[in-house]
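Notes to accompany the following structure.
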Amino acid sequence: MRHHTFVTAEQVEAFRAAIEPKPRTLVITHSSPDGDAFGSSFGLAESLRAAGLTVTTACVDPLPTRWQWSPRAEQYVQDFTPSDYELVIWTDCADYERTGFHHRYPQLAQLQSVNIDHHHKSNDHWATLNIVPENASSAAIIVAELLQLSALPVPPQAATALLLGMYTDTGDFQYAATPEIFAMASWLVEKGARLRQINDKSLQRYSFAQLKFWGKILENLTLTDENVAIAGVYTADYQSVGAEREDIGVLKNWLGSIQDADYSVLLSEDEAGNVKASLRTRRDDLDLQALAKDYGGGGHVKASGFSIPHSRLKREVQWKIIPQDPTDN
């Protein structure tokens with residue numbers, strides 16, 4: 001029996017009506033794609049292709065090599081002609097600008113569109129059809145339920161991509177572990193999702209450059225008087241060792257496991273001139289989602305983030321004089 005946890009019956013009907021005439025479809029995800037961006041967009045595209053639609057996947061930034069474990073995963077385009085398409089579907093994009101295509105292709109806003117996202121508090125609801133539930137842990141789980149309720153084909157590669165999106169955006173199921181999540185993960189495994197492929201080709205494989213990059217991050221790691229573990233990443237840090245900013249990978253989750261810290265903050269510059277913050281904790285009495293919201297971001301209670309545009313990092317070292325302890329020699 002299929003349950004409507006994230007997607008309403010009305011949204012399923014509207015989605016099916018949008019794809020019924022088999023429109024030429026463009027699936028777009030956000031810049032600097034993470035696992036959920038890739039998983040939700042690729043999983044949806046593969047399903048629609050199996051249903052007979054002609055689909056192009058696009059991302060303003062090239063996919064990191066760890067997501068390119070399928071020949072079609074290597075075919076994400078960075079340039080296209082909007083007039084070639086009749087339907088555009090956005091996944092994991094809290095706002096139109098997050099795609100990076102808004103200045104280059106303003107005419108995309110005129111096309112029939114579907115917006116599938118889990119950033120409920122910050123999503124702009126700009127599309128013709130907006131599927132943005134309040135309680136979803138990832139865009140991938142919304143796509144999976146939408147495909148399930150729409151009775152669309154989900155080939156193994158699509159199922160694997162969707163499971164990857166769910167897995168990565170919940171911190172390996174650490175920050176969100178509900179019955180609904182595991183029920184959907186089980187359904188995807190039944191559809192042929194390969195967890196071993198996810199681990200072997202995407203998550204549990206590290207390059208020499210990535211490990212050198214992590215060394216630079218850990219060297220900059222400090223613990224504040226407020227018990228916050230914080231590290232900063234300059235663009236030069238990853239460029240100097242031949243890594244990419246996305247190679248931060250699971251390190252941002254590991255920092256949240258530091259026993260001496262209440263939570264961690266990893267600040268990183270990107271090549272577009274923005275600073276991004278990743279917040280992680282294992283404590284049950286902290287709400288990092290609320291903290292991130294103060295800076296225009298969002299996420300989960302234990303794993304959130306935000307971005308400050310047109311900015312860069314500057315490290316400051318502060319000194320202070322304290323009274324001497326008489327017992328000190």
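The values are calculated or read from the model by the stated rules, or taken from the named source; none is laboratory data. As the structure is a computational prediction, the values presented were derived from the model and not from experiment. With ideal geometry, Cβ positions are generated from the backbone for all residues, glycine too; neighbour counts draw on all protein chains shown.
Of the residues making up region 259-288, those that are small (Gly, Ala, Ser) and either closer than 22 Å to Gln239 by Cβ or surrounded by fewer than 22 Cβ atoms within 10 Å (Cβ to Cβ) (or both) are Ser268, Ala272, Gly273, Ala277, Ser278. A single member of Ala37, Ala17 is farther than 24 Å from Ser307 by Cβ and either outside any loop (DSSP other than H, G, I, E, B) or at pLDDT below 95 (or both), and it is Ala17.
Evaluated against (1) part of a loop (DSSP other than H, G, I, E, B); (2) within 16 Å of the chain's Cα centre (by Cα); (3) on the phi < 0 side of the Ramachandran plot, Phe173 falls short on exactly one condition, (3).
Of all the residues in region 186-209, those that are modelled with pLDDT under 95, in a helix (DSSP H, G or I) and surrounded by 14 or more Cβ atoms within 10 Å (Cβ to Cβ) number 8. From the list Gly232, Gly296, Gly273, Gly242, the lone residue that is in contact (Cβ under 8 Å) with a residue 60 or more places away in the chain and assigned to a loop (DSSP other than H, G, I, E, B) is Gly296. In region 210-231, the qualifying residues are those that are loosely packed, with under 15 Cβ neighbours inside 10 Å and within 24 Å of the chain's Cα centre (by Cα), and the one that is farthest from Leu279 (Cα to Cα) is Leu211. Quick check: is even one residue across region 300-317 touching a Phe, Trp or Tyr at 6+ places or on another chain (Cβ under 8 Å), crowded, with 21+ Cβ neighbours inside 10 Å and at pLDDT 90 or above? The answer is no, given that none of the residues of region 300-317 is touching a Phe, Trp or Tyr at 6+ places or on another chain (Cβ under 8 Å), crowded, with 21+ Cβ neighbours inside 10 Å and at pLDDT 90 or above.
When Glu246 is tested against the conditions (1) within 15 Å of Gly305 (Cα to Cα); (2) modelled with pLDDT of 90 or more; (3) not polar (S, T, N, Q), the lone failure is (2).
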